Amino acid sequence: MVFESYCELQEIIMKKRVLSGMRPTGRLHLGNYLGAAKGMLELQNNPEYETYFTVVDIHATTTPYDAKTLRQSARDVYIDYLSVGLDPEKSGITIQSDLADLITQLSFYFSSVESVARMQDLPTFKEKVRQHPHNVTMALLNYPLLMAADILIYKASLVPVGIDQEPHLEVAREVARRMNDRFGMDFPEPKRFSTKAEYVPSLLGEGKMSKTVEGSAIDLNDDLDTILKKLSKAPTDSGQGEVVPTTGGVANLFQFVELFQGSPKRAEYESQYTGNGVRYGDLKKELAQAIFEELRPIQEKRKELELDPEFVDRMILEGAEKSRIIAEGTVREVREKMGLR
Ligand code: TYM
């Protein structure tokens, strides 16, 4: 990075840092987009922030995965990042393993200030143990510390993520406090930056939208037909009642209406619900169209990027170079303060 003037350097130093990441365990869906990517974009496009984003492929190795396809999956998510509007001119955008030497090193240092019991007690750890009982590894236990390293290596104070990541952020704050108290570091205690949709529900009426639950998600690359087919399977009721449901399939559909068609449209459907009744077939068709309209430019951008693999490769390389400068500084400082050479 070349600074035009001392003022520009000063301005960058004063900016609040932001970091967020996503695992390359499949292509991105509306939960990732609404719960995280929209917040990432908002902060990237606000000149008060200095933003870093990463595709966390090392995190993907903490659950069963295919080594032959991981690099490609990480690249695919990197392209998704660029397609939704993350901009390498404005943000440092990396694939995590390009900085593996620094991030895994920092997470190891962090493991000296966290207890095994605390890591075992995390709800996210317990959920993964339930999902993969034969894969309860040290890497899985270490997952939150690797995430703390992703964030604190940039001394980021703001993290745009969905609400499901809050337990991990609590660990990052704990690590920051302890590193500051014990070793005199100046890590900020990172806070979550939430979007309007910090919890995007599953299409199935129960739980959150997720890559691992079949039929729960609309993917960013779904065409209109696929979106309509998926929505048509979303559970509904008779379309009429005294009280508008606040949980379950219908409540979720109304939430999607609000997110993609606005609050007045939601209010219209709600009054139909307590009045003459909602025609879900029509609602789903209109909603599918509105979702597709939002995804269309993202899909077009993706097609463009796929035609220019050299550009993508260059961005990945330059993103790593740009981010490495900051990451190296933090690791050097931690080593010195911890009494290491
Ligand atoms: P991951 O890969 O599961 O999800 C990526 C992002 O998408 C958000 N998200 C959702 N938000 C709202 N509703 C949903 N249904 C939904 N599903 C997913 C997640 O909250 C997340 O923001 N541990 C992280 C990856 C990570 C990370 C980091 C994030 C590793 N290091 C450092 C931020 C900073 C994860 O598994 O996200």
Exercise. So is Thr54 within 14 Å of the ligand (Cβ to nearest atom), closer than 22 Å to Phe125 by Cα, out of contact with any helix residue (DSSP H, G or I) (no Cβ under 6 Å at 6 or more places or on another chain) and open to solvent by less than 40 Å² (accessible area, probe 1.4 Å) or not?
Worked result: no
Seminar exercise, completed: Here the qualifying pairs (Cβ atoms under 8 Å; residues six or more apart or on different chains; first in the stretch 46-58 and touching a residue at least 40 places away in the same chain (Cβ under 8 Å); second open to solvent by 50 Å² or more (accessible area, probe 1.4 Å) and among the polar types (S, T, N, Q)) come out as Ile58/Thr104
Seminar exercise, completed: Checked against (1) in contact (Cβ under 8 Å) with a residue 24 or more places away in the chain; (2) exposed (fewer than 13 other Cβ atoms within 10 Å of the Cβ); (3) closer than 30 Å to Ser73 by Cβ, Gln240 satisfies every condition except (3)
Exercise. Among the residues of the stretch 95-104, is any within 13 Å of the ligand (Cβ to nearest atom), assigned by TED's automatic domain parsing to the domain that holds Glu328 and in contact with a strand residue (DSSP E or B) (Cβ under 7 Å, 6 or more places away or on another chain)?
Worked result: yes
Exercise. Could you say whether any residue in the stretch 64-72 is open to solvent by less than 20 Å² (accessible area, probe 1.4 Å), polar (S, T, N, Q) and out of contact with any Gly (no Cβ under 8 Å at 6 or more places or on another chain)?
Worked result: no
Problem set entry | Unique match (being within 25 Å of the chain's Cα centre (by Cα) and at pLDDT 95 or above) among Glu206, Glu242, Glu189, Glu268 | Glu189
Seminar exercise, completed: Scanning the stretch 51-100 for residues that are of a type in the set (Val, Ile, Thr), farther than 26 Å from Leu141 by Cβ and assigned to a strand (DSSP E or B) gives Thr51, Ile93
For this session: For the stretch 312-327, state whether one or more residues are farther than 18 Å from Ser91 by Cα, more than 21 Å from the chain's Cα centre (by Cα) and not aliphatic (A, V, I, L, M).
Result: no
Seminar exercise, completed: In the set Met209, Met179, the lone residue that is surrounded by 19 or more Cβ atoms within 10 Å (Cβ to Cβ), of a type in the set (A, V, I, L, M, F, W, C) and away from the ligand (no atom under 16 Å from the Cβ) is Met179
Problem set entry | Test result for Ala217, open to solvent by less than 30 Å² (accessible area, probe 1.4 Å) and part of a helix (DSSP H, G or I) | no
Problem set entry | Scope the stretch 115-136; condition in contact (Cβ under 8 Å) with a residue 12 or more places away in the chain and more than 16 Å from the ligand (Cβ to nearest atom); matching residues | Val116, Arg118, Gln120
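The values are calculated or read from the model by the stated rules, or taken from the named source; none is laboratory data. Being a predicted model, the structure only gives us computed values, none of them experimental. Backbone-built Cβ (ideal geometry, glycine too); neighbour counts: all protein chains shown. Side chains are part of the model used for accessible areas, which takes the heavy atoms of the whole protein and leaves out ligands, DNA and RNA. Shrake-Rupley method; radii C 1.70, N 1.55, O 1.52, S 1.80 Å.
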